[in-house]
Structures are given as C-alpha cells and as structure tokens.
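Below is one structure; the comments refer to it alone.
The values are calculated or read from the model by the stated rules, or taken from the named source; none is laboratory data. All values reported here derive from a predicted model rather than from experimental measurement. Don't worry about glycine lacking a Cβ; one is built from the backbone with ideal geometry, like all the others, and counts go over all protein chains shown. Accessible surface is based on the protein model in full, side chains and every heavy atom, while ligands, DNA and RNA are left aside. Shrake-Rupley method; radii C 1.70, N 1.55, O 1.52, S 1.80 Å.
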Amino acid sequence: SDCLSIWGVAREVAAILGSSVTPVIYNVNPIQHSDKKIVAVDEKTACPRYCGRIIKNVDNTKKLPDWMASRLERSNIKSISPIVDITNYVMRELGTPLHAFDLNAIGSEVIVRKAHSSEQLITLDGVERKLHAEDLLIANQKEALCLAGLMGGKASGVSKETESIFLESANFDAVSIRKMAKRHGLNTDASFRFERGVDPELTYFALNRAIDLIVSITGGTLTRAKNLSLFSL
C-alpha cells in the first residue's frame, strides 16, 4: 500500500536514494460555527481511528482548478463533482481514502457499527444490497449510510445541490474490509487501499489536506465533530 499514492512512492524513492521528501502542506482553517456532529465508534477493532469535520455553505458547482483536473484526468479518474473529485485527489496524493456525506441526509449522529439482521442499503452504484452481520457500516440512529471503507450510500451522497457536508477520514481494519468487499463482489479504489493497510498516522493529516482544498475551491465554513475517537485502540 506504500506505493498506492504519490506521497508513498516519493518516500520509497527518497529512502532508496537517501534524499528527502518535499512535504505536503495545508493551511489550518479556523472553526467558524458551532454546529457539531456526535460520532460513536462501536467497533473499535475494525475502526481504530475515525476523524470527521462539518463544512457548511459549500458550492459544489464550482469548477476545479486546471492543475487538479489535469492530474485527475492523467490518473484516469472521471470527474464527478468538486467535493468528490477533491477526496479522490487526496486519496491519490496521500493514499488515504475519504468520504463526504451530505450533512442534511445523515441525521444528528454518526455511528460506526456492524450491520443489523436483514438490513439493506442502496449504494452509490444504485444496487440494493442485503447486508451481512459482519459488514462494517457508517450509520445514523435509524439506518445504514455507507459500507465503511468500501462504498457510500446513495441517499447520503453529495450532489450539485449539496450545501453542507460531513467529511470522513478513517482507518479501517484490512481483514474486515477485504472480507466485506468479497461478500459484496465490490472492488473500489478505497477498498483496494484499506485491504492492503492504510497508514493510520495520515488519517487526520489527509482530513485537513482535503478540508483546505475544499474550502479554497468550493468555499465553506468549518467546525469540528464531537466525541471523535481519534486514538482509540
């Protein structure tokens, strides 16, 4: 997994050549409003680290800068929307998958848990999936929102009409994601990385890098989520 990002390849090359790596730098954006999202991690072994931020008043119809659009195109990534494109860019850059939820579609609480009996979820590809008891989910108090580390749910995905988002950056257990991907016959860019092990030290870094890009490109005001399990073991 070290070679599944530009940053990872650069570190490998620097180690071989005995040279240094130019760091990825982001601006620390100030918190501008008090809205909070409660996050509860029920499955700490399957999800040892979870970070999230609320960004309000984004404009998801903005045009990507030419430099980012060009790099995504050369990486064979189809443009979807500025926010999704930025999460894909950071994943290619740092190796950490991220996911953006439409804030108005996820309720007051975010829960990382296993699936309930006979629970179902329509994923972003439009397929209605019957969930397995060992599937790891991002959910709210009423329903599943996302197959963790695999694919988001259609109902909570961002669109051009999205005005506020909850941006997730998490670290998921490789074995849990690999088994879940096999059960559902899904192989995504996110699962491909989580199955091989994503550096947990980059979780918070990647979140802030994505926030900086989102705020600078789509606008928005920032707050933090509440009760984040940043360092759960």
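Observations, loosely collected:
- Other residues with beta-carbon under 10 Å from the beta-carbon of Ala133 carry, at +1 per Lys or Arg and -1 per Asp or Glu, a net charge of -2.
- Counting only protein heavy atoms and using a 1.4 Å probe, the accessible area of Glu161 comes to about 140 Å².
- Options Asn88, Leu121, Ser176, ranked by Cα towards positive dipole end of the chain, top entry (Cβ charges): Ser176
- Residues with amide H under 5 Å from that of Gly157, placed H, sequence gap 5 or more: Asp102
- For Lys182, neighbours were defined as the other residues whose beta-carbon sits under 12 Å from its Cβ, and their charges (Lys and Arg +1, Asp and Glu -1) total 0.
- Lys182, Lys154, reordered so the largest accessible area comes first (probe 1.4 Å): Lys182, Lys154
- In this structure Trp67 has an accessible area near 110 Å², from a 1.4 Å probe over the protein heavy atoms.
- Heavy-atom accessible surface of the chain: percent carbon and sulfur, 1.4 Å: 50 percent
- Rounded to the nearest whole angstrom, the semi-axes of the ellipsoid equivalent to segment 130-233, taken from the Cα gyration tensor as √(5λ), stand at 24, 18, 14, largest first.
- Karplus-based coupling profile of segment 153-165, in residue order and whole Hz: x, 5, 5, 10, x, 7, 9, 5, 7, 4, 10, 9, 10, with θ = phi - 60° in 6.51 cos²θ - 1.76 cosθ + 1.60 and x standing for Gly or Pro.
- Per-residue ellipticity at 222 nm from helix content only, as computed over the chain with -39500 (n - 2.57) for each DSSP H run of at least four residues, stands at -8500 deg cm²/dmol.
- Neighbourhood charge, 11 Å Cβ-Cβ cut-off, centred on Ile106 and excluding it, Lys, Arg +1 and Asp, Glu -1: -2
- With q set to 0.10, 0.13 Å⁻¹, the log10 of I(q)/I(0) for the chain, from the Debye formula over equal scatterers at the Cα positions, is -0.43, -0.75.
- At a probe radius of 1.4 angstrom, the accessible area of the chain per residue rounds to 49 square angstrom.
- Label-point gap, in nm, between Glu201 and Lys62 - each point 7 angstrom along Cα→Cβ: 3.1 nm
- Counting heavy atoms of the protein chains alone, Phe192 has an accessible area of about 70 Å² for a 1.4 Å probe.
- Assigned charges on the beta-carbon of Lys, Arg, Asp, Glu; the chain dipole about Cα centre (debye): 120 debye
- Ranked order, Lys44, Lys142 - accessible area, probe 1.4 Å, largest first: Lys142, Lys44
- If you sort Thr188, Thr162 by accessible surface, 1.4 Å probe, largest first, the order is Thr188, Thr162.
- Projected over every direction and averaged, the convex hull enclosing the alpha-carbon atoms of segment 97-168 yields 4.6 nm².
- With each label modelled as a point 7 angstrom along the Cα→C-beta vector, the Asp35-Val127 pair spans 3.3 nm.
- Spherically averaged projected area in nm², based on the convex hull that wraps the Cα atoms of segment 1-100: 9.1 nm²
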